[in-house]
Each structure stands twice: as C-alpha cells, then as structure tokens.
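Where a number appears in this text, it was derived from the coordinates with a stated rule and is not lab data. Treat the numbers as computed from the prediction; the structure is a model and nothing was measured. Cβ coordinates were reconstructed from backbone atoms using ideal geometry, including for glycine residues, and neighbour counts include every protein chain displayed.
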C-alpha cells in the first residue's frame with residue numbers, strides 16, 4: 001500500500017492499471033460502505049495502535065500537539081458511521097469514473113477523506129498523492145481498509161512524490177479518468193488540463209450568533225462550541241471559522257460574547273495545547289494582527305484584544321469590521337451586525353469563497369439566518385460546534401465531486 005519516493009511515471013501508469021483491474025471485481029455499494037465503516041470504527045478508537053502511531057508521527061512532523069491532532073481526527077471521522085455510509089450507498093445512483101486521482105493538501109491531516117469515501121462507495125478506485133508535509137494519514141488509513149476488506153483495499157493506492165515533480169503529476173493526470181485536487185488557486189490552475197478536474201481552492205468559513213434570543217448559559221455554551229470549531233486543525237482548514245458576527249443591537253452584548261469566546265479558547269488550550277512554536281511567517285502574522293488591534297485601541301477606536309500566552313490564541317473584538325481572514329492558529333474576529341442585510345454586507349469580502357457557516361439561535365428566532373447563509377453561497381450550514389464534522393455527502397466546494405460520482409456533468 002505504501003508508496004515510495006523514487007517512483008517513475010511508468011510506476012504510476014502500472015498502478016492505475018492495477019486499480020482499474022481491482023475495480024472490475026464485483027461488489028455492491030452497501031458492501032463497500034460496510035467495509036469502510038469497519039475501518040473507520042477502528043480509527044475512532046483512541047486505543048487503536050495505528051491511530052496512536054499516526055497521531056504521534058503527525059504531531060512530531062507538524063509541531064502540533066498530539067491532543068490537537070487526535071481531537072481534529074476525531075471530529076473528522078465522526079460522520080462516517082455505518083448507518084450514514086449505508087444510507088448513501090442505498091440512496092444514491094452512482095456512475096463514477098473508474099480511477100480517480102486525488103492530490104491532497106497538507107494544511108489539515110485527513111482533509112479529502114470525504115471524497116475518498118464517496119469514490120469508494122460509488123465503485124471507483126483511488127490513487128492518492130498525499131502532501132509532502134502530511135504523508136502519514138492516508139497511508140495508514142488505506143492499510144486499515146485493506147486489513148478490513150482486502151478487495152476494497154486493492155482499490156486504493158497511496159504514492160508519494162515531491163510537488164516539484166511535474167512529470168509525475170502529469171503522469172497521474174494521464175493515468176486517471178478524473179482528478180480531485182486541493183490547494184491554493186495557483187495549484188488548481190496548474191492542473192487545468194486534467195480530465196474531469198474537481199478543484200478545491202482556498203475557501204473560508206464564518207459564524208453568526210443571534211444573541212438577543214440566547215440566555216446566559218446558552219451563550220456560554222455557544223462560545224465553547226465555536227472555540228472548538230476555531231481550535232480544531234489549528235484553524236487551517238476550509239471549515240475553520242475566521243470571523244464571528246453577533247446579531248444584537250447592543251454592542252456591549254457582542255463585546256461580552258467576545259470575552260466569553262476568549263475564556264473558552266483559554267480553557268480549551270489547557271486540554272488541547274497550542275503548538276509550542278510557530279513558523280516564522282505564521283508567528284509574524286499573528287503578532288501583526290495583535291499589534292494592529294493594540295494600536296487601534298490606544299488610538300481610541302472601539303477595538304479590544306484578548307490574547308493567550310505566547311501565541312496560543314487571540315480574539316479581536318472589532319464591532320464594525322467586515323469579514324476578515326485571520327492568520328489561523330486560533331485567531332478569530334468578533335463583530336456586530338444589526339440584521340441579515342447588514343450581515344450580508346459585512347460578509348461581502350467572502351463572496352464566492354464561503355464554505356461553512358455556523359448558526360446559533362435561541363428558541364425565539366428573530367432572523368432566518370439559514371436563508372441568509374444560503375444566499376451568501378455557503379455550502380455547509382450547521383450548528384456551532386459541528387463545523388469540522390460535515391456529513392459524508394456534504395456538497396464540498398459546490399458538489400462537483402458528488403456530481404462526478406453520479407455520472408453528472
């Protein structure tokens with residue numbers, strides 16, 4: 001199962017042909033769903049040796065804490081339960097490409113698992129190129145699938161090469177019937193000649209809290225839930241919220257929520273420690289955000305800053321701000337919005353890039369925030385605290401991959 005660093009274009013071609021042959025072995029979507037459920041169940045067990053070893057290795061290579069990696073993977077794997085997998089197998093009518101190549105990003109361990117699982121249930125075989133910065137998860141997960149069901153495991157290959165090897169990436173494109181790729185806009189653009197290309201360029205997420213309808217206990221629980229969404233994957237994935245908008249006419253209420261969110265991030269950092277050090281460019285970006293907020297406060301602007309020790313976490317309360325992308329690493333903005341129209345205007349900078357949108361509302365709903373989120377183009381609308389656990393058939397990036405598995409253009 002495990003790839004090697006000195007593979008050739010001929011190796012990739014041969015691997016694709018092997019996958020094509022393995023994909024011709026008869027099995028049903030429900031059979032494949034059951035095998036995947038068995039593999040995921042093992043990975044959800046904190047005592048599973050392969051999971052523990054992978055978490056330790058990912059933590060060492062990324063400088064993230066093992067607690068952070070473990071909690072993030074737990075959230076990622078949460079939707080992949082037997083009933084959910086079987087439901088998709090029974091409900092959908094698939095007509096997928098025979099071999100799908102997947103070029104993974106390294107910002108979040110396991111990112112892209114939804115597409116792999118969908119492809120396998122649909123009946124496709126997958127040839128995975130992990131990111132050089134995170135080569136571990138998919139290799140180990142593929143091994144677990146092969147242990148659970150050798151026939152399904154034969155439909156998965158993981159091969160490693162450096163992103164500078166354009167010849168090998170070109171060979172992957174030539175060998176596969178479709179390509180799904182994750183990365184920045186330039187990475188996706190460089191793959192434009194790929195057949196049936198599904199690209200996942202950089203996207204962002206946000207949240208809205210209708211505070212007027214929340215009692216104090218619920219407000220604090222919402223702050224804790226959003227702190228979890230911010231913390232997982234160190235806020236580097238497309239589902240991580242960068243900006244929280246509080247719908248309340250009283251800005252002091254919104255400021256209190258920012259304080260609650262800061263307290264929640266502080267508490268969570270005890271159980272899920274932040275990286276002890278950051279790369280130079282990342283630490284500089286977080287420090288820059290903090291210093292700008294500090295100087296604006298000194299200048300008399302209505303800006304407040306809460307910050308953890310070192311660069312563990314940061315909350316900036318900027319009541320009138322429009323959507324702002326943070327540098328990640330548990331850095332989040334909080335602002336106010338008067339109504340859905342105001343919220344739409346504040347979120348204008350995220351137009352066309354909004355992936356997930358978390359909503360927190362009280363029992364007496366004043367605004368239809370789900371309708372607002374839909375109008376903004378968010379593909380995954382959810383409750384606070386569930387942003388990192390989208391359903392298996394989440395229409396990631398607009399649903400092009402799911403459509404591809406259905407045989408739709």
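Side notes on the structure shown:
- In this calculation the C-beta distance from residue 50 to residue 375 is compared with R0 = 41 Å, giving a FRET efficiency of 0.40.
- Contact order relative to length of the stretch 1-114, as percent, for alpha carbon pairs under 8 angstrom and 6 or more apart: 32 percent
- Label-reachable residues, the stretch 89-128, where backbone N falls under 15 Å from a point 7 Å from residue 18's Cα toward its Cβ: 125-128
- Cα-based shape type of the stretch 368-409, given that a ≥ b ≥ c are square roots of the gyration tensor eigenvalues and the cut on a/c is 1.5: oblate
- For the chain, modelled as a GNM whose springs connect Cα atoms under 10 angstrom apart, the maximal fluctuation among 333, 83, 317 occurs at 83.
- Antiparallel bridge percentage (DSSP; both residues within the stretch 9-202; nearest 5): 5 percent
- The chain: most fluctuating residue of 164, 187, 324 per GNM, C-alpha cutoff 10 Å: 164
- Structure-based [θ]222 nm, the chain - -39500 (n - 2.57) summed over DSSP H runs of at least 4, per residue, nearest 500: -14000 deg cm²/dmol
- Of all DSSP beta bridges confined to the chain, the antiparallel ones make up roughly 10%.
- Relative contact order of the stretch 9-202, defined on C-alpha pairs under 8 angstrom at six or more residues apart (%): 26 percent
- Spatial offset of the stretch 163-206 relative to the stretch 236-313 amounts to 33 Å, using the alpha carbon center of each.
- (1) 54; (2) 68; (3) 59, with the label sought being that of the calculated percent of Cα pairs over 26 Å apart: (1)
- The stretch 9-202 shape via C-alpha gyration tensor axes, a/c threshold 1.5: oblate
- Alpha carbon centroid spacing (whole Å) that separates the stretch 46-83 from the stretch 106-162: 15 Å
- On Cα atoms only, tilt of 49-62 relative to the major axis of the chain in degrees: 60 degrees
- GNM result for the chain, Cα springs below 10 Å: residue of 172, 82, 118 fluctuating most strongly: 82
- Global form of the stretch 206-314, assessed from the alpha-carbon gyration tensor, a/c cut-off 1.5: oblate
- FRET efficiency for residue 284 and residue 74, using Cβ-Cβ distance with R0 set to 30 Å, rounded to 0.05: 0.45
- Using the Cβ-Cβ distance between residue 291 and residue 320 with R0 = 22 Å, the FRET efficiency computed as 1/(1 + (r/R0)^6) comes to roughly 0.65.
- Estimated distance in nm for a label pair at residue 249 and residue 147, the labels positioned 7 Å out from Cα along Cα-to-Cβ: 6.0 nm
- In a fully extended conformation the segment linking residue 218 and residue 10 would gain 69.0 nm over its present Cα-Cα distance, using 0.36 nm per residue.
- Tilt relative to the chain, helix 9-23 - C-alpha long axis, 0 to 90 degrees, to 10: 80 degrees
- Over the stretch 166-287, relative contact order from alpha-carbon pairs under 8 Å, at least 6 apart, %: 21 percent
- Nearest 10 degrees, 0 to 90: helix 166-175 Cα axis against the chain principal axis: 60 degrees
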